[in-house]
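The values are calculated or read from the model by the stated rules, or taken from the named source; none is laboratory data. On a predicted model such as this, the values are computed, not experimentally measured, just so you know. Note that we place each Cβ from the backbone using ideal geometry, even for glycine, and neighbour counts take in every protein chain shown. Heads up: the accessible areas ignore ligands, DNA and RNA and are worked out on the full protein's heavy atoms, side chains in. Shrake-Rupley method; radii C 1.70, N 1.55, O 1.52, S 1.80 Å.
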Amino acid sequence: MQISFQHVSYIYNEGTPYEYQALNDVNLDIQEGKITAIIGQTGSGKSTLVQHLNALLLPKTGEIHILDRVIKASENPKQLKALRGDVGLVFQFPEYQLFEETVLKDVAFGPKNFNVSEKDAIKRAKEALQMVGIKEDSYEKSPLELSGGQKRRVAIAGILAMDPKVLVLDEPTAGLDPVGTKEMMQLFKKLNSDYNKTILIVTHDMEQVFKYCDNVVVMQDGSVKVHTSVDEFFRDAESCEELNILPPAVIRMKKMLNENGFHIEGEIKDITALAKAIAKEVKHG
Amino acid sequence: MGNITLGRYIPMDSPIHRMDPRAKIIAMLFVLIAIFFRAGWIGYGVIFVAVSIVIILAKLKPSFIWRAMKPMLFMLTFLLIINALVIKTGNVLFTIGSFSLYSDAVLSTLYIAVRLLLMIMITTCLTATTKPLDMTLGIEDLLKPFTKIKVPAHEIAMLISIALRFIPDLIEETQRIMKAQESRGVDLKEGKLKEKIMAILSLIVPLFVSAFQRAEDLANAMEARGYAPGEKRTRYRILKMHGRDYLLMFGALCILIGMIGIAKFL
Ligand SMILES: Nc1ncnc2c1ncn2[C@@H]1O[C@H](COP(=O)(O)OP(=O)(O)OP(=O)(O)O)[C@@H](O)[C@H]1O
Ligand SMILES: [Mg+2]
């Protein structure tokens with residue numbers, strides 16, 4: 001099964017002077033069970049695209065196939081609540097959605113909406129909070145007392161507690177510190193490998209794409225410009241630069257070395273692999 | 001919810017957009033007051049035609065006005081029901097069981113609907129064609145004579161313009177929070193009473209938090225740039241009245257006098 005967009009277009013504020021076509025005939029097949037990165041400049045339509053996945057936005061034309069369901073312009077939103085449970089969407093800046101008296105209650109709010117019993121919801125909430133690294137002594141605090149990064153974690157936990165099959169994250173690490181960012185990305189990787197969740201991440205960070213993702217989708221002006229595997233995408237630095245994307249440091253390093261007489265071929269995934277390749281070349285002279 | 005247009009500025013190049021905000025505000029006040037005289041259908045017809053001309057000159061689409069009117073429909077329906085139950089004069093239009101609908105109930109609702117429509121048309125003429133900043137300048141200038149009796153003209157103008165400025169932001173914010181909560185399974189349309197209350201809470205609490213946050217950010221930003229309400233400030237833009245501005249105010253005054261005339265003598 002795949003998640004597929006077929007000729008999807010979306011227009012904001014249709015019929016007003018503020019009309020804006022944010023998506024333009026998007027065709028896209030996303031593999032299930034993989035981590036897909038969605039990248040592109042600000043305003044290229046990434047957030048608009050991902051909001052179609054759980055039918056928060058309904059396409060003006062075309063349709064979306066996801067988990068045996070079809071979302072199209074005429075779809076009656078009534079049947080879509082189950083879809084919202086299966087496709088968890090974490091918004092850009094999700095910390096603004098916290099409202100309950102305590103952190104624990106807020107995280108349990110999602111599952112409770114999907115008819116999970118109070119007790120199970122609390123249990124799931126605790127698990128989710130642990131996953132995102134919120135300590136137990138914060139469970140009874142008001143979400144408003146937390147720092148920005150902690151709020152972000154709680155908000156993400158709020159979606160994780162719903163145990164969705166597909167997890168969609170809109171810039172989940174923007175504004176987190178480097179350690180927090182790494183922990184988050186490792187968590188998503190783990191959810192993907194251990195629980196076989198399909199994950200879509202909107203991000204501006206090429207290092208993240210390179211290190212954690214399987215596939216990459218490049219959006220430009222409301223259309224899909226490139227859709228390929230991450231390995232393919234970063235194979236040579238030139239194609240990235242054509243798209244105005246700065247490749248990850250390792251790839252840039254590899255390019256610079258090759259421009260200066262080295263012949264490093266094949267997949268270089270991280271700094272260790274690069275170091276080994278250099279050592280090999282140096283040895284062989 | 002999707003397209004709230006009430007109070008929104010529509011950037012466009014039209015003679016109405018270029019007019020002096022003070023003239024527009026005064027003209028609006030004249031015509032708004034005129035509506036409150038019981039000038040009958042002829043009077044409202046005249047106002048409607050006059051305002052329509054302004055709307056056409058301002059290049060506003062009728063659909064824009066209609067969308068601003070839409071949220072009021074609920075209120076009007078409610079009013080019609082109450083009127084239908086209370087007003088028992090005029091001709092009987094039809095009878096179901098022991099209930100009869102009288103013509104005056106419908107007429108009186110229609111009367112209010114027309115006034116409401118006119119009011120929305122008139123205020124939209126102002127807000128859609130005047131930049132919030134110009135509006136502030138206009139209000140401030142108009143209130144200036146009252147500073148003698150200790151009316152804080154500048155503060156009031158600033159208050160109004162900030163409020164206007166924040167309407168679209170808050171609407172956007174509401175939509176964003178709605179989407180975020182819908183993603184968590186909140187159903188704002190269906191559900192039992194308890195769920196509904198929870199749904200509304202999940203919307204209102206974050207909205208309040210973010211509104212206060214915004215207010216604080218704005219206050220800090222203004223202070224950081226040295227804004228002090230009591231201080232004397234110079235202005236980059238000086239408003240200047242032209243012939244067409246006087247014409248607009250004169251036209252509005254004529255309407256007001258005309259309506260008083262009709263209400264008194266007809
Ligand atoms: N609610 C809205 N009303 C009107 N226009 C909108 C709305 N949301 C987004 N847009 C417009 O649609 C375009 C795409 O927006 P979108 O949020 O999808 O971009 P993005 O790729 O997520 O950007 P970023 O990286 O900044 O998050 C932008 O030009 C934006 O101005
Ligand atoms: Mg975005």
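Restricted to the range A:241-265, and to residues there that are without any contact (Cβ under 8 Å) to a residue 24 or more places away in the chain and surrounded by 14 or more Cβ atoms within 10 Å (Cβ to Cβ), the residue that is nearest to residue A:225 (Cα to Cα) is A:252.
A quick yes/no check of all residues on (1) at negative phi; (2) crowded, with 18+ Cβ neighbours inside 10 Å; (3) within 16 Å of ligand 1 (Cβ to nearest atom):
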{"site": "B:140", "(1), (2), (3)": "yes, yes, no"}
{"site": "B:144", "(1), (2), (3)": "yes, no, no"}
{"site": "B:150", "(1), (2), (3)": "no, no, no"}
{"site": "B:159", "(1), (2), (3)": "yes, no, no"}
{"site": "B:169", "(1), (2), (3)": "yes, no, yes"}
{"site": "B:176", "(1), (2), (3)": "yes, yes, yes"}
{"site": "B:180", "(1), (2), (3)": "yes, yes, yes"}
{"site": "B:185", "(1), (2), (3)": "no, yes, no"}
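State the number of residues belonging to the range B:212-266 that are part of a loop (DSSP other than H, G, I, E, B) and open to solvent by 40 Å² or more (accessible area, probe 1.4 Å). Of the residues in that region, 17 qualify. When B:31, B:54 are screened for being open to solvent by 20 Å² or more (accessible area, probe 1.4 Å) and either under 15 Å from residue B:118 (Cβ atoms) or more than 14 Å from chain A (Cβ to nearest Cβ) (or both), only B:54 passes.
For the range A:193-214, the set of residues classified as within 19 Å of residue A:87 (Cβ to Cβ) and open to solvent by 20 Å² or more (accessible area, probe 1.4 Å) consists of A:195, A:196, A:197, A:214, listed by residue number.
Within the range A:144-172, the only residue that satisfies the criterion of being within 16 Å of ligand 2 (Cβ to nearest atom) and more than 21 Å from residue B:206 (Cα to Cα) is A:168.
This table checks each residue for (1) of a type in the set (Val, Ile, Thr); (2) touching a residue at least 40 places away in the same chain (Cβ under 8 Å); (3) closer than 19 Å to residue A:98 by Cβ.
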residue	(1), (2), (3)
A:161	no, yes, yes
A:165	no, yes, no
A:170	no, yes, yes
A:173	yes, no, yes
A:177	no, no, no
A:184	no, yes, yes
A:192	no, yes, no
A:198	yes, yes, no
A:207	no, yes, no
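In the set A:181, A:173, only one residue is away from every other protein chain (no Cβ under 14 Å) and within 16 Å of ligand 1 (Cβ to nearest atom); that residue is A:173. Could you check how many residues of the range A:115-137 are assigned to a loop (DSSP other than H, G, I, E, B) and either out of contact with any helix residue (DSSP H, G or I) (no Cβ under 8 Å at 6 or more places or on another chain) or surrounded by fewer than 18 Cβ atoms within 10 Å (Cβ to Cβ) (or both)? Qualifying residue count for the region: 4.
Kindly provide the set of residues from the range A:122-159 that are touching a residue at least 40 places away in the same chain (Cβ under 8 Å) and within 19 Å of residue A:191 (Cα to Cα), ordered by number. Selection gives A:131, A:132, A:133, A:152, A:154, A:155, A:156, A:157, A:158, A:159. Restricting attention to the range A:72-94, the residues being buried (at least 24 other Cβ atoms within 10 Å of the Cβ), within 16 Å of ligand 1 (Cβ to nearest atom) and either under 16 Å from residue A:153 (Cβ atoms) or not assigned by TED's automatic domain parsing to the domain that holds residue A:146 (or both) number 3. In this structure, is residue A:181 surrounded by 16 or more Cβ atoms within 10 Å (Cβ to Cβ), within 16 Å of ligand 2 (Cβ to nearest atom) and more than 28 Å from residue B:200 (Cα to Cα)? So residue A:181 fails the test. Filtered by the rule that a residue be among the polar types (S, T, N, Q), surrounded by 17 or more Cβ atoms within 10 Å (Cβ to Cβ) and within 9 Å of ligand 2 (Cβ to nearest atom), the range A:29-68 gives A:44, A:47, A:48.
If you check B:88, B:24, B:59 for being in contact (Cβ under 8 Å) with a residue 12 or more places away in the chain, of a type in the set (Lys, Arg) and open to solvent by less than 20 Å² (accessible area, probe 1.4 Å), only one passes: B:24. Looking at the range A:10-21, can you tell me whether even one residue there is more than 11 Å from ligand 1 (Cβ to nearest atom) and either farther than 26 Å from residue B:177 by Cβ or surrounded by fewer than 18 Cβ atoms within 10 Å (Cβ to Cβ) (or both)? Yes - at least one qualifying residue is present in the range A:10-21.
Report whether or not residue B:48 is in contact with a helix residue (DSSP H, G or I) (Cβ under 6 Å, 6 or more places away or on another chain), modelled with pLDDT of 90 or more and open to solvent by 30 Å² or more (accessible area, probe 1.4 Å). So residue B:48 fails the test. Listed by position, the helices (runs of 4 or more DSSP H) enclosed by the range B:1-69 that each have at least 3 residues that are over 29 Å from residue B:107 (Cα atoms) are B:15-18, B:21-35.
The set of residues in the range B:118-136 being open to solvent by 10 Å² or more (accessible area, probe 1.4 Å), hydroxyl-bearing (Ser, Thr, Tyr) and out of contact with any Ser or Thr (no Cβ under 6 Å at 6 or more places or on another chain) consists of B:123, B:127. Residue pairs whose Cβ atoms lie under 6 Å apart, separated by 6 or more positions or on different chains, with the first residue in the range A:83-106 and free of Cβ contacts under 8 Å to residues at least 40 places away in the same chain and the second open to solvent by 30 Å² or more (accessible area, probe 1.4 Å), are A:83/A:69.
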